[in-house]
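This report concerns only the one structure given below.
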Amino acid sequence: MNRHAPILSSADSDLLLVRRAQAGEMRAFELLVLKYQRRVERLVARMLRDPGLVEDVAQETFIRAYKALGQFRGESAFYTWLYRIALNTARRQIADLRRDPVQSMSSLETGDDDETSGNERELSLQITDAETPEALLASKEIAQAVNEAMDALPVELRQAITLREIEGLSYDEIANVLDCPVGTVRSRIFRAREAISGRIRPLLERQGGKRW
Amino acid sequence: MNSLQKDKPMTAPEDDWRESLSALVDGECQTDELDALLRGQVSPRQAQDTSWACYQIVSAALRGSLDGSEQPPSAAFASAVMGRLAAGQRPAAATAPDRQQQRSPAVNDPVWRWRWAGGLAAVVAAVLLGWQWQGGAATATPELARSDARQGAEGGSPAHQAGAGLVNATYESARR
(Lines give C-alpha, C1' and ligand atoms only; values in the text may rest on other atoms or scores of the structure.)
Protein backbone atom coordinates (compact mmCIF):
# COMPACT_ATOMS: atom_id res chain seq x y z
CA MET A 1 0.00 0.00 0.00
CA ASN A 2 1.35 3.40 -0.93
CA ARG A 3 1.92 5.23 2.31
CA HIS A 4 3.12 8.28 0.41
CA ALA A 5 -0.43 9.04 -0.70
CA PRO A 6 -1.78 12.23 0.87
CA ILE A 7 -3.45 11.80 4.23
CA LEU A 8 -7.03 12.96 4.19
CA SER A 9 -7.90 15.76 6.53
CA SER A 10 -9.33 15.03 9.94
CA ALA A 11 -12.71 16.24 8.69
CA ASP A 12 -15.89 14.43 9.44
CA SER A 13 -15.87 10.81 8.38
CA ASP A 14 -19.32 11.32 6.94
CA LEU A 15 -18.11 14.07 4.66
CA LEU A 16 -15.40 11.78 3.29
CA LEU A 17 -17.99 9.17 2.47
CA VAL A 18 -20.45 11.67 1.06
CA ARG A 19 -17.85 13.06 -1.33
CA ARG A 20 -17.02 9.56 -2.52
CA ALA A 21 -20.70 8.75 -2.92
CA GLN A 22 -21.21 11.96 -4.88
CA ALA A 23 -18.43 10.78 -7.15
CA GLY A 24 -20.30 7.54 -7.77
CA GLU A 25 -18.80 5.13 -5.25
CA MET A 26 -21.86 3.29 -4.05
CA ARG A 27 -20.06 1.45 -1.30
CA ALA A 28 -19.41 4.79 0.41
CA PHE A 29 -23.14 5.46 0.54
CA GLU A 30 -23.77 1.95 1.78
CA LEU A 31 -21.49 2.61 4.76
CA LEU A 32 -23.59 5.67 5.54
CA VAL A 33 -26.75 3.58 5.31
CA LEU A 34 -25.28 1.06 7.73
CA LYS A 35 -24.25 3.83 10.07
CA TYR A 36 -27.58 5.68 10.17
CA GLN A 37 -30.18 3.02 9.50
CA ARG A 38 -31.25 2.59 13.10
CA ARG A 39 -31.26 6.30 13.91
CA VAL A 40 -33.44 7.05 10.91
CA GLU A 41 -35.78 4.21 11.81
CA ARG A 42 -36.04 5.49 15.34
CA LEU A 43 -36.85 8.99 14.15
CA VAL A 44 -39.47 7.72 11.70
CA ALA A 45 -40.97 5.42 14.32
CA ARG A 46 -41.55 8.41 16.56
CA MET A 47 -43.74 9.95 13.87
CA LEU A 48 -45.64 6.93 12.68
CA ARG A 49 -47.54 4.53 14.81
CA ASP A 50 -47.52 1.65 12.40
CA PRO A 51 -44.25 -0.25 12.81
CA GLY A 52 -44.94 -1.91 9.50
CA LEU A 53 -44.36 1.38 7.71
CA VAL A 54 -41.17 2.34 9.48
CA GLU A 55 -38.79 0.28 7.38
CA ASP A 56 -40.37 1.40 4.11
CA VAL A 57 -40.20 5.05 5.06
CA ALA A 58 -36.64 4.64 6.30
CA GLN A 59 -35.63 3.03 3.02
CA GLU A 60 -37.34 5.79 1.11
CA THR A 61 -35.42 8.32 3.18
CA PHE A 62 -32.11 6.92 2.04
CA ILE A 63 -33.28 6.70 -1.56
CA ARG A 64 -34.28 10.35 -1.48
CA ALA A 65 -31.04 11.28 0.21
CA TYR A 66 -29.03 9.55 -2.49
CA LYS A 67 -30.97 11.28 -5.25
CA ALA A 68 -30.40 14.65 -3.58
CA LEU A 69 -26.79 14.01 -2.69
CA GLY A 70 -25.56 16.48 -5.25
CA GLN A 71 -27.26 19.23 -3.29
CA PHE A 72 -25.44 18.45 -0.07
CA ARG A 73 -22.77 21.07 0.35
CA GLY A 74 -21.35 20.11 3.72
CA GLU A 75 -22.54 23.30 5.39
CA SER A 76 -24.39 21.23 7.95
CA ALA A 77 -23.58 17.81 9.33
CA PHE A 78 -24.67 15.00 7.06
CA TYR A 79 -26.97 13.54 9.68
CA THR A 80 -28.69 16.88 10.18
CA TRP A 81 -29.40 16.94 6.44
CA LEU A 82 -30.51 13.31 6.47
CA TYR A 83 -32.69 13.99 9.49
CA ARG A 84 -34.62 16.67 7.55
CA ILE A 85 -35.14 14.27 4.67
CA ALA A 86 -36.42 11.63 7.08
CA LEU A 87 -38.85 14.12 8.61
CA ASN A 88 -40.16 15.16 5.22
CA THR A 89 -40.47 11.60 4.01
CA ALA A 90 -42.41 10.60 7.10
CA ARG A 91 -44.65 13.65 6.72
CA ARG A 92 -45.41 12.70 3.14
CA GLN A 93 -46.34 9.23 4.28
CA ILE A 94 -48.67 10.67 6.87
CA ALA A 95 -50.23 13.00 4.31
CA ASP A 96 -50.70 10.11 1.87
CA LEU A 97 -52.40 8.04 4.52
CA ARG A 98 -54.72 10.87 5.41
CA ARG A 99 -55.72 11.26 1.78
CA ASP A 100 -56.45 7.56 1.45
CA PRO A 101 -60.10 6.91 2.38
CA VAL A 102 -59.30 3.30 3.26
CA GLN A 103 -56.49 4.27 5.57
CA SER A 104 -55.54 2.39 8.62
CA MET A 105 -56.15 4.60 11.61
CA SER A 106 -53.36 2.91 13.44
CA SER A 107 -50.89 4.17 10.83
CA LEU A 108 -51.49 7.80 11.64
CA GLU A 109 -49.47 9.65 14.18
CA THR A 110 -51.11 10.65 17.38
CA GLY A 111 -51.73 14.22 18.23
CA ASP A 112 -53.90 16.84 16.69
CA ASP A 113 -54.95 17.04 13.10
CA ASP A 114 -53.69 20.51 12.47
CA GLU A 115 -51.90 20.32 9.12
CA THR A 116 -49.99 23.42 9.89
CA SER A 117 -48.48 22.13 13.08
CA GLY A 118 -44.78 22.71 13.33
CA ASN A 119 -41.95 20.21 13.21
CA GLU A 120 -41.58 19.89 16.91
CA ARG A 121 -45.17 19.01 17.51
CA GLU A 122 -44.92 16.04 15.21
CA LEU A 123 -42.15 14.59 17.27
CA SER A 124 -44.51 13.47 19.96
CA LEU A 125 -42.92 11.25 22.49
CA GLN A 126 -44.57 7.96 21.81
CA ILE A 127 -43.33 4.72 23.08
CA THR A 128 -41.73 3.06 20.08
CA ASP A 129 -39.87 -0.15 19.56
CA ALA A 130 -36.59 1.61 20.14
CA GLU A 131 -37.73 2.82 23.53
CA THR A 132 -39.16 -0.39 24.86
CA PRO A 133 -37.81 -1.61 28.14
CA GLU A 134 -35.93 -4.29 26.22
CA ALA A 135 -34.20 -1.76 23.98
CA LEU A 136 -33.31 0.46 26.90
CA LEU A 137 -31.96 -2.51 28.78
CA ALA A 138 -29.90 -3.51 25.77
CA SER A 139 -28.42 0.00 25.62
CA LYS A 140 -27.62 -0.16 29.29
CA GLU A 141 -25.91 -3.50 28.88
CA ILE A 142 -23.83 -2.16 26.01
CA ALA A 143 -22.85 0.91 28.00
CA GLN A 144 -21.83 -1.28 30.92
CA ALA A 145 -19.81 -3.60 28.70
CA VAL A 146 -18.03 -0.63 27.16
CA ASN A 147 -17.20 0.79 30.58
CA GLU A 148 -15.82 -2.54 31.74
CA ALA A 149 -13.78 -2.87 28.58
CA MET A 150 -12.37 0.63 29.04
CA ASP A 151 -11.37 -0.19 32.61
CA ALA A 152 -9.54 -3.27 31.37
CA LEU A 153 -7.58 -1.43 28.67
CA PRO A 154 -3.89 -0.68 29.09
CA VAL A 155 -3.55 2.93 30.11
CA GLU A 156 -2.01 4.11 26.85
CA LEU A 157 -4.88 2.69 24.82
CA ARG A 158 -7.45 4.12 27.19
CA GLN A 159 -5.82 7.55 27.01
CA ALA A 160 -5.75 7.54 23.23
CA ILE A 161 -9.35 6.55 22.71
CA THR A 162 -10.56 8.89 25.43
CA LEU A 163 -8.82 11.83 23.81
CA ARG A 164 -10.35 10.89 20.49
CA GLU A 165 -13.90 9.97 21.39
CA ILE A 166 -14.57 12.04 24.47
CA GLU A 167 -12.32 15.06 23.96
CA GLY A 168 -12.73 15.05 20.18
CA LEU A 169 -9.08 15.66 19.38
CA SER A 170 -7.58 14.85 16.00
CA TYR A 171 -4.80 12.30 15.66
CA ASP A 172 -2.25 15.07 15.30
CA GLU A 173 -3.49 16.77 18.43
CA ILE A 174 -3.46 13.51 20.38
CA ALA A 175 0.08 12.85 19.18
CA ASN A 176 1.10 16.23 20.58
CA VAL A 177 -0.63 15.61 23.89
CA LEU A 178 0.81 12.13 24.32
CA ASP A 179 4.16 13.03 22.77
CA CYS A 180 4.15 10.11 20.43
CA PRO A 181 3.97 9.64 16.64
CA VAL A 182 0.66 9.86 14.81
CA GLY A 183 1.04 6.27 13.68
CA THR A 184 1.18 5.16 17.30
CA VAL A 185 -1.95 7.15 18.10
CA ARG A 186 -3.76 5.56 15.21
CA SER A 187 -2.72 2.07 16.24
CA ARG A 188 -3.66 2.58 19.88
CA ILE A 189 -7.11 3.89 19.01
CA PHE A 190 -7.66 0.94 16.70
CA ARG A 191 -6.55 -1.59 19.30
CA ALA A 192 -8.75 0.02 21.92
CA ARG A 193 -11.74 -0.12 19.58
CA GLU A 194 -11.06 -3.74 18.77
CA ALA A 195 -10.80 -4.66 22.46
CA ILE A 196 -14.06 -2.91 23.28
CA SER A 197 -15.79 -4.35 20.22
CA GLY A 198 -14.81 -7.82 21.37
CA ARG A 199 -16.76 -7.22 24.57
CA ILE A 200 -19.94 -5.96 22.94
CA ARG A 201 -20.13 -8.38 20.06
CA PRO A 202 -21.82 -11.12 22.15
CA LEU A 203 -24.46 -8.60 23.15
CA LEU A 204 -25.02 -7.54 19.56
CA GLU A 205 -25.19 -11.17 18.47
CA ARG A 206 -28.00 -11.71 20.89
CA GLN A 207 -29.85 -8.80 19.35
CA GLY A 208 -28.97 -9.08 15.73
CA GLY A 209 -28.10 -12.66 15.05
CA LYS A 210 -24.97 -14.71 14.78
CA ARG A 211 -23.28 -12.64 12.11
CA TRP A 212 -22.19 -10.26 14.80
CA MET B 1 8.38 3.56 4.31
CA ASN B 2 7.08 6.85 5.63
CA SER B 3 6.79 7.97 9.22
CA LEU B 4 3.25 6.72 9.59
CA GLN B 5 4.27 3.17 8.90
CA LYS B 6 7.56 2.99 10.73
CA ASP B 7 6.33 4.64 13.95
CA LYS B 8 3.48 2.44 14.83
CA PRO B 9 3.56 -0.88 16.56
CA MET B 10 3.27 -3.90 14.33
CA THR B 11 -0.27 -4.67 13.26
CA ALA B 12 -1.03 -8.15 12.03
CA PRO B 13 -1.65 -8.02 8.28
CA GLU B 14 -5.16 -9.40 8.68
CA ASP B 15 -5.94 -6.41 10.89
CA ASP B 16 -4.60 -3.79 8.50
CA TRP B 17 -7.97 -3.14 6.90
CA ARG B 18 -9.61 -2.93 10.32
CA GLU B 19 -7.12 -0.29 11.33
CA SER B 20 -7.94 1.60 8.13
CA LEU B 21 -11.63 1.31 8.96
CA SER B 22 -10.97 2.58 12.47
CA ALA B 23 -9.15 5.56 10.97
CA LEU B 24 -12.11 6.13 8.64
CA VAL B 25 -14.41 6.35 11.67
CA ASP B 26 -12.28 9.29 12.76
CA GLY B 27 -12.00 10.83 9.31
CA GLU B 28 -8.26 10.11 9.39
CA CYS B 29 -8.06 7.51 6.66
CA GLN B 30 -5.49 7.86 3.89
CA THR B 31 -6.77 8.18 0.35
CA ASP B 32 -5.35 4.91 -0.85
CA GLU B 33 -6.70 3.10 2.20
CA LEU B 34 -10.15 4.47 1.56
CA ASP B 35 -9.90 3.42 -2.06
CA ALA B 36 -9.03 -0.12 -1.00
CA LEU B 37 -11.80 -0.28 1.59
CA LEU B 38 -14.49 0.99 -0.74
CA ARG B 39 -13.49 -1.35 -3.53
CA GLY B 40 -13.53 -4.38 -1.25
CA GLN B 41 -9.94 -5.17 -2.10
CA VAL B 42 -8.78 -5.89 1.40
CA SER B 43 -11.67 -7.37 3.34
CA PRO B 44 -14.82 -9.41 2.95
CA ARG B 45 -17.81 -7.09 2.77
CA GLN B 46 -19.64 -8.71 5.68
CA ALA B 47 -16.62 -8.49 7.96
CA GLN B 48 -16.24 -4.85 7.02
CA ASP B 49 -19.91 -4.20 7.78
CA THR B 50 -19.64 -5.90 11.16
CA SER B 51 -16.57 -3.98 12.25
CA TRP B 52 -17.97 -0.69 10.94
CA ALA B 53 -21.16 -1.15 12.94
CA CYS B 54 -19.29 -2.18 16.10
CA TYR B 55 -16.99 0.82 15.91
CA GLN B 56 -19.97 3.17 15.51
CA ILE B 57 -21.67 1.69 18.56
CA VAL B 58 -18.45 1.92 20.59
CA SER B 59 -18.14 5.59 19.61
CA ALA B 60 -21.73 6.29 20.58
CA ALA B 61 -21.27 4.55 23.93
CA LEU B 62 -18.09 6.48 24.75
CA ARG B 63 -19.72 9.78 23.83
CA GLY B 64 -22.72 8.95 25.99
CA SER B 65 -25.09 9.06 23.06
CA LEU B 66 -26.62 5.62 23.19
CA ASP B 67 -30.29 6.14 22.51
CA GLY B 68 -31.92 2.73 22.43
CA SER B 69 -31.25 2.25 18.74
CA GLU B 70 -28.10 0.21 19.15
CA GLN B 71 -29.28 -2.82 17.32
CA PRO B 72 -26.84 -3.76 14.65
CA PRO B 73 -27.87 -2.52 11.23
CA SER B 74 -29.70 -4.97 9.06
CA ALA B 75 -27.86 -6.33 6.06
CA ALA B 76 -31.21 -6.88 4.38
CA PHE B 77 -32.11 -3.22 4.79
CA ALA B 78 -28.84 -1.97 3.31
CA SER B 79 -29.12 -4.51 0.48
CA ALA B 80 -32.64 -3.36 -0.29
CA VAL B 81 -31.62 0.28 -0.43
CA MET B 82 -28.55 -0.40 -2.56
CA GLY B 83 -30.53 -2.70 -4.81
CA ARG B 84 -33.06 0.01 -5.53
CA LEU B 85 -30.29 2.47 -6.20
CA ALA B 86 -28.45 0.07 -8.48
CA ALA B 87 -31.65 -0.36 -10.46
CA GLY B 88 -31.02 3.03 -11.91
CA GLN B 89 -31.41 5.76 -9.37
CA ARG B 90 -28.28 7.85 -9.71
CA PRO B 91 -27.63 10.88 -7.55
CA ALA B 92 -28.76 14.17 -8.97
CA ALA B 93 -25.95 16.07 -10.65
CA ALA B 94 -24.22 18.48 -8.32
CA THR B 95 -25.35 22.07 -8.69
CA ALA B 96 -22.83 24.66 -9.90
CA PRO B 97 -21.70 25.79 -6.43
CA ASP B 98 -21.12 22.20 -5.42
CA ARG B 99 -18.99 21.54 -8.47
CA GLN B 100 -16.69 24.30 -7.32
CA GLN B 101 -16.19 22.74 -3.97
CA GLN B 102 -15.73 19.20 -4.31
CA ARG B 103 -15.54 16.69 -6.69
CA SER B 104 -12.59 14.63 -6.07
CA PRO B 105 -13.32 12.27 -8.88
CA ALA B 106 -13.71 8.63 -8.07
CA VAL B 107 -10.54 6.79 -8.85
CA ASN B 108 -12.45 4.57 -11.25
CA ASP B 109 -14.07 7.50 -13.04
CA PRO B 110 -11.93 7.27 -16.18
CA VAL B 111 -12.61 3.54 -16.43
CA TRP B 112 -16.32 4.06 -16.03
CA ARG B 113 -16.41 6.94 -18.53
CA TRP B 114 -14.49 5.15 -21.26
CA ARG B 115 -16.37 1.90 -20.75
CA TRP B 116 -19.64 3.74 -21.30
CA ALA B 117 -18.19 5.66 -24.19
CA GLY B 118 -17.05 2.42 -25.79
CA GLY B 119 -20.66 1.23 -25.93
CA LEU B 120 -21.76 4.45 -27.54
CA ALA B 121 -18.91 4.23 -30.01
CA ALA B 122 -20.14 0.80 -31.06
CA VAL B 123 -23.62 2.15 -31.74
CA VAL B 124 -22.32 5.09 -33.75
CA ALA B 125 -20.04 2.81 -35.73
CA ALA B 126 -22.98 0.60 -36.61
CA VAL B 127 -24.94 3.60 -37.84
CA LEU B 128 -22.02 4.79 -39.96
CA LEU B 129 -21.57 1.38 -41.52
CA GLY B 130 -25.23 1.34 -42.36
CA TRP B 131 -24.88 4.66 -44.14
CA GLN B 132 -21.94 3.55 -46.19
CA TRP B 133 -23.76 0.48 -47.43
CA GLN B 134 -26.69 2.56 -48.46
CA GLY B 135 -24.46 5.08 -50.22
CA GLY B 136 -24.77 7.39 -47.39
CA ALA B 137 -26.62 10.62 -47.39
CA ALA B 138 -26.68 12.29 -44.20
CA THR B 139 -28.89 12.61 -41.29
CA ALA B 140 -25.79 13.35 -39.34
CA THR B 141 -25.49 14.16 -35.68
CA PRO B 142 -24.24 17.69 -35.11
CA GLU B 143 -20.74 16.35 -34.43
CA LEU B 144 -20.71 14.30 -37.58
CA ALA B 145 -22.17 17.16 -39.52
CA ARG B 146 -19.19 19.22 -38.46
CA SER B 147 -16.94 16.40 -39.58
CA ASP B 148 -18.67 16.34 -42.93
CA ALA B 149 -18.23 20.05 -43.35
CA ARG B 150 -14.60 19.68 -42.44
CA GLN B 151 -14.21 16.96 -45.02
CA GLY B 152 -15.59 19.26 -47.65
CA ALA B 153 -13.16 21.96 -46.67
CA GLU B 154 -10.12 19.80 -46.18
CA GLY B 155 -10.79 16.94 -48.55
CA GLY B 156 -10.16 14.30 -45.89
CA SER B 157 -11.14 10.67 -46.41
CA PRO B 158 -14.59 9.49 -45.35
CA ALA B 159 -13.02 6.97 -42.99
CA HIS B 160 -10.90 9.62 -41.35
CA GLN B 161 -13.82 11.96 -40.95
CA ALA B 162 -16.05 9.19 -39.63
CA GLY B 163 -13.39 8.47 -37.04
CA ALA B 164 -13.16 12.12 -36.06
CA GLY B 165 -16.92 12.29 -35.75
CA LEU B 166 -16.87 9.13 -33.66
CA VAL B 167 -14.36 10.61 -31.25
CA ASN B 168 -16.34 13.86 -31.05
CA ALA B 169 -19.61 12.03 -30.45
CA THR B 170 -17.97 9.87 -27.80
CA TYR B 171 -16.37 12.83 -26.04
CA GLU B 172 -19.52 14.95 -26.12
CA SER B 173 -21.65 12.14 -24.76
CA ALA B 174 -19.17 11.23 -22.03
CA ARG B 175 -18.96 14.85 -20.93
CA ARG B 176 -22.74 15.14 -20.60
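The values are calculated or read from the model by the stated rules, or taken from the named source; none is laboratory data. Keep in mind that what you see is a predicted model, and the values were worked out from it rather than measured. Virtual Cβ from ideal backbone geometry, glycine too; neighbours counted across all protein chains shown. Accessible surface is based on the protein model in full, side chains and every heavy atom, while ligands, DNA and RNA are left aside. Shrake-Rupley method; radii C 1.70, N 1.55, O 1.52, S 1.80 Å.
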| query | Total Å² of accessible surface buried at the B-A contact, 1.4 Å probe, nearest 100? | reply | 7900 Å²
| note | For peptide B:40-49, the mean count of other chain Cβ atoms within 10 Å per residue Cβ is 2
| query | Computed FRET efficiency, Cβ-Cβ of residue A:178 and residue B:31, R0 30 Å: what is it to the nearest 0.05? | reply | 0.75
| said: Averaged across A:163-172, how many Cβ atoms of other chains sit within 10 Å of each residue's Cβ atom? | reply: 3
| said: Using the basic label-point model (7 angstrom from Cα toward the beta carbon), what is the residue A:95 to residue A:136 distance in nanometres? | reply: 3.5 nm
| task | Give me the distance in nm between label points sitting 7 Å out from Cα along the Cα-to-Cβ direction at residue B:45 and residue A:152, one decimal. | result | 3.3 nm
